[in-house]
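I have placed the structure first, in the form of structure tokens, so that the comments after it can refer back to it.
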Amino acid sequence: MKHTINIYLSIQEEKNLIKRVKKAVIPAAGLGTRFLPATKAMPKEMLPIVDKPTIQYIIEEAVESGIEDILIVTGKGKRAIEDHFDSVPELEQTLIEKGKSEFLKLVEETTNINIHFIRQSKPMGLGHAVLQAKAFVGDEPFVVMLGDDIVQAEIPCTKQLIEQYNKTEGSIIGVQSVSNDVTHRYGIVDLHASIDDGLHQVDSFVEKPEPGTEPSNLAILGRYLFTPQIFDFLETQVPGTGGEIQLTDAITRLNEIQRVFAYEFIGKRYDVGEKLGFIQTTLEFALRREDLKEDVWKLVKEIYEENLMMSNNQ
Ligand code: G1P
């Protein structure tokens, strides 16, 4: 009995040694060329889905997942992101004077979060962007959240990854299956074995495989949880696909010394990094809003019927 209690206690002690995931890194230094000319003078992360910048959806997911500190890795021309999460006393004062408390709440919501910024001086790839977070992260597990991927889920996607980390204590990469014709756009997982519902051991990760050479259909979709050891590999990572320092390549090397898991998160993922995905997200999010859905649905039907009539008349 005593022996059992001792084992139990030591497990508990060990459990206490598992560091809580409190930090998130959001790379936001990309040029946003797919959205030119809109992104000529405005960061792509500030493009709104309905009435909220895309990056705010990511930050809300982080906060709902229990993240306490967020580092945004920015680059040139990204000042608007810093301004967005700063307070604006004149605007707040005007809203108070005019009694517009609903809007005041929306403005205040964006400033009550611990957000830090660092600049990536040269665009050398996603791996290089994440490396800029080394001092911020220190010796703790942390998450990386990509702004091009918004996930709608009952349990926030990042929280799902944290739950898997608490079980495995290893790095967890969020994945979902995609169709064959788009695997070349993603980091793809070469599976080793499945160990639990949606949780897999991995042999390697391949960044943007040539069409037809993909080892599976499971794609990395913008959510990662890492142990701090990832930095050892990012620091020595040589450029890969596209001549850039790829995060995916560093993950494969980390996996060789410390188990990295792929986890199929539950939820619908939206790609706001390309035009069609952006339009789809805008439409679906608007259709989910109580204040908009009726009118937007009416509009969609009108546009559909108008187009149908036009094509019938041709
Ligand atoms: C990045 C990653 C890729 C991942 C993708 C998810 O690619 O390098 O592994 O699958 O994000 O959106 P990017 O879209 O920046 O080319």
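The values are calculated or read from the model by the stated rules, or taken from the named source; none is laboratory data. Computed from a prediction, not measured in an experiment: that's the story for all the values here. When we count neighbours, we look across all protein chains shown, and the Cβ atoms used for this are built from the backbone with ideal geometry, even at glycine.
Restricting attention to the range 147-180, which residues are among the charged types (D, E, K, R), part of a helix (DSSP H, G or I) and either at pLDDT 95 or above or crowded, with 17+ Cβ neighbours inside 10 Å (or both)? Talk me through it step by step, then tell me what you get.
Taking the range 147-180 and keeping what is among the charged types (D, E, K, R), we get 148-149, 154, 159, 163, 167, 169.
Keeping just the survivors that are part of a helix (DSSP H, G or I) gives 159, 163, 167.
Correct list: Lys159, Glu163.
Look through Gly222, Gly242, Gly212 and report the one residue that is at positive phi, within 14 Å of the ligand (Cβ to nearest atom) and either in a loop (DSSP other than H, G, I, E, B) or crowded, with 17+ Cβ neighbours inside 10 Å (or both).
Working: Gly242 fails: either in a loop (DSSP other than H, G, I, E, B) or crowded, with 17+ Cβ neighbours inside 10 Å (or both); Gly212 fails: within 14 Å of the ligand (Cβ to nearest atom).
Being at positive phi, within 14 Å of the ligand (Cβ to nearest atom) and either in a loop (DSSP other than H, G, I, E, B) or crowded, with 17+ Cβ neighbours inside 10 Å (or both) holds for just one of Gly222, Gly242, Gly212, which is Gly222.
In the range 17-30, which residues are closer than 16 Å to Asp149 by Cα and modelled with pLDDT under 90?
Filtering the range 17-30 down to residues closer than 16 Å to Asp149 by Cα leaves 24-30.
If the condition is that a residue be closer than 16 Å to Asp149 by Cα and modelled with pLDDT under 90, then Gly30 is the only one that fits.
Condition check: buried (at least 22 other Cβ atoms within 10 Å of the Cβ) and closer than 15 Å to Ile220 by Cβ. Does Val144 satisfy that? It would help to see each step written out before you state the result.
Working: buried (at least 22 other Cβ atoms within 10 Å of the Cβ): yes; closer than 15 Å to Ile220 by Cβ: yes.
So Val144 passes the test.
Among the numbered conditions (1) within 13 Å of the ligand (Cβ to nearest atom); (2) at pLDDT 95 or above, tell me where Thr227 comes up short.
Checking Thr227 against (1) within 13 Å of the ligand (Cβ to nearest atom); (2) at pLDDT 95 or above, the one that fails is (1).
Got at least one residue in the range 116-126 being on the phi < 0 side of the Ramachandran plot, among the polar types (S, T, N, Q) and in a helix (DSSP H, G or I)?
So the first thing to find is which residues in the range 116-126 are on the phi < 0 side of the Ramachandran plot, and the list is 116-124, 126.
Checking the rest, the ones that are also among the polar types (S, T, N, Q) come to 120-121.
From the residues that got through so far, the ones that are in a helix (DSSP H, G or I) too are none.
No: the range 116-126 contains no residue that is on the phi < 0 side of the Ramachandran plot, among the polar types (S, T, N, Q) and in a helix (DSSP H, G or I).
State whether the residues of the range 189-198 include one that is over 22 Å from Leu31 (Cα atoms) and within 14 Å of the ligand (Cβ to nearest atom).
Residues of the range 189-198 that are over 22 Å from Leu31 (Cα atoms), as a first pass: 189-198.
From what's left, within 14 Å of the ligand (Cβ to nearest atom): 189-190.
Looking for residues that are over 22 Å from Leu31 (Cα atoms) and within 14 Å of the ligand (Cβ to nearest atom), one finds at least one in the range 189-198, hence yes.
Going residue by residue through the range 98-108, is there one that turns out to be within 21 Å of the chain's Cα centre (by Cα) and within 30 Å of Phe265 (Cβ to Cβ)?
First, pick out the residues of the range 98-108 that are within 21 Å of the chain's Cα centre (by Cα): none.
Checked the range 98-108: no residue is within 21 Å of the chain's Cα centre (by Cα) and within 30 Å of Phe265 (Cβ to Cβ).
So the check is Cβ under 6 Å with 6+ separation or different chains; which pairs have a first residue in the range 106-131 that's closer than 25 Å to Glu207 by Cα and a second one that's of a type in the set (Ser, Thr, Tyr) and surrounded by 13 or more Cβ atoms within 10 Å (Cβ to Cβ)?
As it stands, the answer is Arg119/Thr74, since those pairs meet every condition given.
May I ask you to list the residues in the range 19-46 that are within 12 Å of the ligand (Cβ to nearest atom) and either over 30 Å from Gln164 (Cα atoms) or assigned to a loop (DSSP other than H, G, I, E, B) (or both)? Break it down into steps so the answer makes sense when it comes.
Pass one, the range 19-46, residues within 12 Å of the ligand (Cβ to nearest atom): 27-34, 44.
Matches in the range 19-46: Ala28, Ala29, Gly30, Leu31, Gly32, Thr33, Arg34, Lys44.
In the range 265-283, how many residues are more than 14 Å from the ligand (Cβ to nearest atom), under 30 Å from Gln201 (Cβ atoms) and buried (at least 16 other Cβ atoms within 10 Å of the Cβ)?
Number satisfying all stated conditions: 1.
Which number in (1) touching a helix residue (DSSP H, G or I) at 6+ places or on another chain (Cβ under 7 Å); (2) surrounded by fewer than 18 Cβ atoms within 10 Å (Cβ to Cβ) marks the one condition that Arg185 misses?
Of everything listed in (1) touching a helix residue (DSSP H, G or I) at 6+ places or on another chain (Cβ under 7 Å); (2) surrounded by fewer than 18 Cβ atoms within 10 Å (Cβ to Cβ), Arg185 misses just condition (1).
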